[in-house]
Amino acid sequence: MKILAFIIAPGNVIPNAIAIQAHQPDHIICIRTKFDGQVLEAEDEAHSRLKAWIKGSQVLVDEFEDLEQPFPIPHTLPSGYISSHNNVPDIEIRTIVKDNLRTELYSIQDEYLDCDLRFDFLPGAKTISMHLALDDPNLHWIPWYSTESGTAFTCTPSFNVKVHKGIFLGIVDRAWLSGNPVWAERQFKAPPTTKEVGFHRGIVKSLEIEEPGKGNRFADRPISVNHKGFKEKIESLGYTFNMITEDKSAQITISKGDVVPWTFNYLSEIGSPQGFYLERLIHIELWDSDWKPFESIAGLNIIEATIEGRIEKYRNQLIHLNKAWSEYDRGGQKETSEMETYKQICKRNGFNPEINEPEIEELLAAEFDFQHRSDEPEIRYVCNCEIDVLILDPHGVISFDGKAIIKKVDSRIRQNEALQRPQWLRQYQYLVLCSTAINTKLEEENIIHFQRIKSGRKGLLDRDRCYPSPLSKEIELARSFKVNREDVSSPLINTKFINSDRIYTRKDGDYIPGIGKGILLLDKNDLQLVSSLVNLGHIPTDAELYTSNQDYCFYFVFKNIKLRLQKLMNFINQSSNVIFSSVKLDTNTVNEILAALPKQLDSNIPNWVRNLKLGRKKIRDKIRIIITDKEEKHPPGILVINSKSKPELHKEEEKRIADSKEFEKNQRRRKPRRRRGGSKTQPKRGNRGGNPKEE
Amino acid sequence: MHLHAVVGFSFTPLACAMLLEEVKSVTLYCDQSIRVNNFLDRFKKINDNNLVKNLPEITIEVIPELNENLGNDMVSLIQSMKDNTSLKELEILPDSVLFFSGTPVHILAFIQWLGFKRLMTYERGRFLISSVTNQEIIEKYNHFSIDEILELHGLNQSKILHKSNWEPQGSDPIQLISKIQLDSPNVLGFYWEQQDNRIDYSKGGLRRRFALTVRFIQQGLGRYGWNHYISNQELSNWCRNTQNIPPGFDEEEEE
């Protein structure tokens with residue numbers, strides 16, 4: 001007879017269930033410890049759930065408040081305890097003073113003579129139990145440790161390990177044991193079939209890179225089903241591609257042979273492309289990789305446990321949608337999926353918000369009635385969170401959330417998601433990206449690229465884990481740039497190094513300053529590519545990028561590279577008719593520049609510039625030189641200003657200096673902030689109204 | 001006494017144990033030398049400031065890594081440790097005591113394989129050295145200040161106070177933690193502002209700020225190095241089991 005004992009902690013019984021499932025005992029002794037004199041509550045709710053779980057699936061479900069309220073909540077049943085020999089073990093809970101643990105175990109072993117006595121150290125407070133690991137000839141309990149995979153082991157003398165392979169505790173059961181009902185949209189307890197994997201591979205092969213989105217994004221240009229090329233490719237592989245549209249929304253169905261067709265939402269109610277396709281692709285890809293999960297779920301909805309909680313959550317969601325509608329209705333906001341969802345909810349319950357907006361409580365009651373009548377009640381408004389994909393592997397449960405694009409890395413949003421998850425879902429979380437244009441900042445995040453899932457856990461150690469595999473030619477180009485103090489060059493692109501502490505160029509009729517050093521692209525066809533790489537952080541720069549209508553058209557600016565006059569001169573030779581430059585220079589440099597300028601600029605340079613006298617000692621201080629050409633209206637000519645001593649200029653030019661100072665002051669005010677991504681990450685499914693994963 | 005300890009993530013009890021008068025030498029086991037060196041740098045800095053005692057002789061042993069990214073789960077870890085030659089060569093002298101830190105797997109393996117007869121734990125503000133037949137209590141040891149405890153864990157008061165800053169819309173920011181004090185030699189008490197007409201802990205924004213700060217502190221100090229004192233009973237109860245979703249947490253009423 002196998003007896004399993006362990007400490008049972010308040011609140012969290014998942015480790016206890018892991019140990020029970022691994023050892024397959026005949027009798028379980030849960031030891032609840034207390035301090036001397038401490039009064040414990042009669043029974044912990046989690047302990048009741050553990051007892052119920054052993055008795056079976058439905059008994060555990062019965063521990064929860066009526067899942068038919070406020071409307072029938074779809075849920076996935078837990079397995080309950082799985083016995084390898086059709087035996088339901090007895091379970092008892094004994095409460096003892098913590099210092100008496102050893103004597104209690106002596107006493108229990110006397111009750112179970114000649115039994116296989118196992119004490120598992122996985123559950124419960126270790127400071128209380130760990131003393132039992134010391135070799136005690138009178139204690140007949142063998143110290144064991146259970147793991148997430150359902151394997152337990154014990155260490156025996158002379159560096160030996162005894163391993164016992166049991167059964168692992170499934171993801172859905174963990175959720176119910178932790179106190180939340182769940183709904184799993186798609187669940188695999190064994191690898192998908194070869195046909196299903198083949199179907200998946202064809203789809204992955206057909207994904208096409210989307211065009212760049214609007215504005216700066218942290219991750220953009222996903223490989224997706226949204227590109228027209230996808231349809232052509234997938235059809236060329238013998239798949240059937242079918243799209244059904246309704247108003248602005250659309251749904252795609254892909255089928256081939258006898259594999260169950262795949263249908264997913266393609267466009268939202270307001271016509272925005274959706275990222276739903278990712279969930280399934282990630283799910284199958286994880287199985288078709290070195291991750292080797294025991295189990296996986298795609299689309300796990302963690303449901304609010306109490307009826308009151310579910311009603312409250314639903315009410316809050318309606319309030320949120322109503323707010324979006326009101327803002328839209330007042331004309332303050334453009335069309336959003338939230339306002340569209342609110343309109344649809346009203347419509348399906350017989351209200352027209354444009355004419356008579358219902359009270360929230362009125363709408364709430366109507367909604368519950370609607371969900372009651374529905375064949376497929378929606379649960380997104382009664383869930384704490386929805387997770388795209390989860391797997392269980394030897395380390396435990398790992399969650400993956402798919403992202404097609406990331407407009408902004410918003411730590412608050414990430415934290416919100418984390419707060420809404422119970423601990424067992426917070427341990428290991430990763431985002432899966434399928435973008436191809438990815439900001440270097442994402443290297444710091446828990447992000448793995450879709451194309452790197454294949455390599456399993458090893459991929460997580462790769463510094464390029466957030467990038468496509470193989471690396472895109474753009475990233476290789478970015479990495480080909482050699483940046484040092486004296487030069488910036490790339491064998492793959494034609495550039496010229498420039499140096500300046502302050503470079504002005506013109507954008508939309510305004511002067512914009514950049515600070516630092518830079519390179520000049522000699523071929524304007526390289527502009528878009530390099531600009532995008534700079535925006536994504538692959539080429540180091542601390543300045544905004546600007547373009548011009550001139551032939552040279554573009555420059556960008558590097559950090560921490562000191563001035564080299566010769567390079568600056570080259571730059572001026574190339575482009576003096578467009579660039580305004582302000583640099584810190586010593587006397588010789590200034591003289592050299594002044595000597596060089598007449599050769600480069602035409603005779604419109606005023607005499608005062610040519611005859612300019614510079615204070616001898618002050619020349620090392622900050623001097624700004626702004627170089628313009630005749631076409632530029634402001635500021636004209638060459639202006640040299642010593643910040644500590646005013647240059648000797650004739651009166652006519654003093655106003656120009658004043659104007660220039662004002663100009664520079666304005667430039668400082670206008671100095672662009674560091675680039676950010678878009679305004680918002682994609683909304684999460686289930687958290688908000690409207691449609692999820694909208695790009 | 002020769003103290004042996006696996007370097008985990010909770011440093012205060014280990015640092016106190018290393019400064020015990022009885023401890024003459026220390027062996028630290030760690031899977032990442034950078035982590036143990038960071039800890040030792042902070043530890044030495046604090047000791048230099050206080051001159052508690054001459055530091056014991058410290059040896060570092062690198063042991064197999066428990067790294068989820070490498071696929072080193074507990075079963076792989078125990079197999080790697082089993083084959084680790086430097087562990088096999090270790091000689092455990094009779095004056096050796098194993099300090100309880102690291103994972104239970106480390107403790108199980110060290111006791112069974114290396115033959116430790118005594119285990120030191122830190123419980124309720126005192127050190128216990130247990131053997132099968134005996135238990136020794138050490139109550140006299142160096143007590144670190146609040147700042148020293150935080151420094152050992154790479155934290156400081158301003159970081160924590162800043163984390164607790166709440167910025168209500170249209171009003172000045174409010175620092176929600178009003179004071180930090182020592183509850184016991186190893187446990188810091190964080191006192192939260194009382195509820196009033198400005199501060200309403202039933203509101204989502206404050207609940208979120210509270211939960212984030214509690215988890216931030218927990219991440220730094222470990223599971224047992226802190227207490228939170230807050231008038232809101234729901235939030236106070238949640239602190240006993242922070243692995244649950246914070247009470248009444250709902251994104252929609254956060255703003």
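The values are calculated or read from the model by the stated rules, or taken from the named source; none is laboratory data. No experiment lies behind these values; they were computed from the predicted model shown. Don't worry about glycine lacking a Cβ; one is built from the backbone with ideal geometry, like all the others, and counts go over all protein chains shown.
Please determine whether any residue of the stretch B:56-72 is among the acidic types (Asp, Glu), in a strand (DSSP E or B), touching a strand residue (DSSP E or B) at 6+ places or on another chain (Cβ under 6 Å) and modelled with pLDDT of 85 or more.
Yes, the stretch B:56-72 has at least one match.
Within the set of pairs 6+ apart or on separate chains, which have a first residue in the stretch B:183-211 that is more than 12 Å from every other protein chain (Cβ to nearest Cβ) and under 14 Å from B:Trp166 (Cβ atoms), a second that is of a type in the set (S, T, N, Q) and part of a strand (DSSP E or B), and C-beta atoms under 6 Å apart?
As it stands, the answer is B:Glu193/B:Ser178, since those pairs meet every condition given.
State all residues of the stretch A:352-406 that are surrounded by 14 or more Cβ atoms within 10 Å (Cβ to Cβ), part of a loop (DSSP other than H, G, I, E, B) and of a type in the set (A, V, I, L, M, F, W, C); if no residue qualifies, say none.
A:Ile379, A:Ala404, A:Ile405
Could you list, in sequence order, all residues of the stretch B:183-219 that are surrounded by 14 or more Cβ atoms within 10 Å (Cβ to Cβ) and in contact with a Gly (Cβ under 7 Å, 6 or more places away or on another chain)?
B:Asp183, B:Pro185, B:Asn186, B:Val187, B:Leu188, B:Arg207
So for the stretch B:125-138 (the condition being in contact with a helix residue (DSSP H, G or I) (Cβ under 7 Å, 6 or more places away or on another chain) and not in a loop (DSSP other than H, G, I, E, B)), does at least one residue qualify?
Yes, that holds for at least one residue.
When the residues of the stretch A:429-458 are narrowed to those that are charged (D, E, K, R) and within 13 Å of the chain's Cα centre (by Cα), which ends up surrounded by the fewest Cβ atoms within 10 Å (Cβ to Cβ)?
A:Glu444
Please work out which one of (1) closer than 25 Å to B:Ile58 by Cβ; (2) surrounded by fewer than 19 Cβ atoms within 10 Å (Cβ to Cβ); (3) more than 13 Å from every other protein chain (Cβ to nearest Cβ) is the condition B:Asp172 fails and give its number.
(1)
Tell me whether the stretch A:118-126 contains one or more residues that are among the basic types (Lys, Arg) and either more than 8 Å from every other protein chain (Cβ to nearest Cβ) or closer than 19 Å to A:His23 by Cα (or both).
Yes: the stretch A:118-126 contains one or more residues that are among the basic types (Lys, Arg) and either more than 8 Å from every other protein chain (Cβ to nearest Cβ) or closer than 19 Å to A:His23 by Cα (or both).
All but one of (1) surrounded by 19 or more Cβ atoms within 10 Å (Cβ to Cβ); (2) in contact with a strand residue (DSSP E or B) (Cβ under 6 Å, 6 or more places away or on another chain); (3) not hydrophobic (A, V, I, L, M, F, W, C) hold for B:Thr12; state the number of the condition that does not hold.
So B:Thr12 meets the others, but not (2).
Does A:Pro123 satisfy the criteria of being at pLDDT below 95, out of contact with any strand residue (DSSP E or B) (no Cβ under 6 Å at 6 or more places or on another chain) and not hydrophobic (A, V, I, L, M, F, W, C)?
Spelling it out, it is not the case that A:Pro123 is at pLDDT below 95, out of contact with any strand residue (DSSP E or B) (no Cβ under 6 Å at 6 or more places or on another chain) and not hydrophobic (A, V, I, L, M, F, W, C).
I'm told A:Ser255 meets every condition in (1) of a type outside the set (A, V, I, L, M); (2) in a strand (DSSP E or B); (3) in contact with a strand residue (DSSP E or B) (Cβ under 7 Å, 6 or more places away or on another chain); (4) closer than 29 Å to A:Lys214 by Cα except one. Can you identify the failing condition by its number?
(4)
Of the residues A:Ala42, A:Ala9, only one is assigned to a loop (DSSP other than H, G, I, E, B), at pLDDT below 95 and surrounded by 17 or more Cβ atoms within 10 Å (Cβ to Cβ); which?
Checking each option against the conditions leaves just A:Ala9.
Among the numbered conditions (1) in a strand (DSSP E or B); (2) surrounded by 14 or more Cβ atoms within 10 Å (Cβ to Cβ), tell me where A:Lys162 comes up short.
(2)
Out of the residues in the stretch B:87-121 meeting the condition of being aromatic (Phe, Trp, Tyr) and more than 8 Å from chain A (Cβ to nearest Cβ), tell me which one is farthest from A:Ser146 (Cα to Cα).
Per the stated criteria, the residue is B:Phe99.
For the stretch A:353-402, name all the residues that are within 14 Å of chain B (Cβ to nearest Cβ) and among the polar types (S, T, N, Q).
A:Asn384, A:Ser399
Between residues in the stretch B:88-105 that are touching a residue at least 24 places away in the same chain (Cβ under 8 Å) and residues that are part of a strand (DSSP E or B) and among the acidic types (Asp, Glu), which pairs lie under 8 Å by C-beta distance while being six or more apart or on different chains?
Matching pairs, first to second residue: B:Leu90/B:Glu61.
What is the number of the single condition among (1) at the interface with chain B (Cβ under 10 Å from one of its Cβ atoms); (2) of a type in the set (Gly, Ala, Ser); (3) on the phi > 0 side of the Ramachandran plot; (4) crowded, with 17+ Cβ neighbours inside 10 Å that A:Ser149 does not meet?
All conditions are met except number (3).
Here is a list: A:Ile8, A:Ile108, A:Ile93. Which entry is of a type outside the set (D, E, K, R) and over 43 Å from the mean Cα position of the chain (by Cα)?
None of the others qualify; the one that does is A:Ile108.
Out of B:Leu108, B:Leu98, B:Leu77, B:Leu87, report the one residue that is part of a helix (DSSP H, G or I), at pLDDT 90 or above and crowded, with 17+ Cβ neighbours inside 10 Å.
The unique qualifying residue is B:Leu108.
Scan the stretch A:186-193 and tell me whether some residue there is in contact (Cβ under 8 Å) with a residue 24 or more places away in the chain, more than 14 Å from chain B (Cβ to nearest Cβ), in contact with a helix residue (DSSP H, G or I) (Cβ under 6 Å, 6 or more places away or on another chain) and not hydrophobic (A, V, I, L, M, F, W, C).
Yes, some residue in the stretch A:186-193 is in contact (Cβ under 8 Å) with a residue 24 or more places away in the chain, more than 14 Å from chain B (Cβ to nearest Cβ), in contact with a helix residue (DSSP H, G or I) (Cβ under 6 Å, 6 or more places away or on another chain) and not hydrophobic (A, V, I, L, M, F, W, C).
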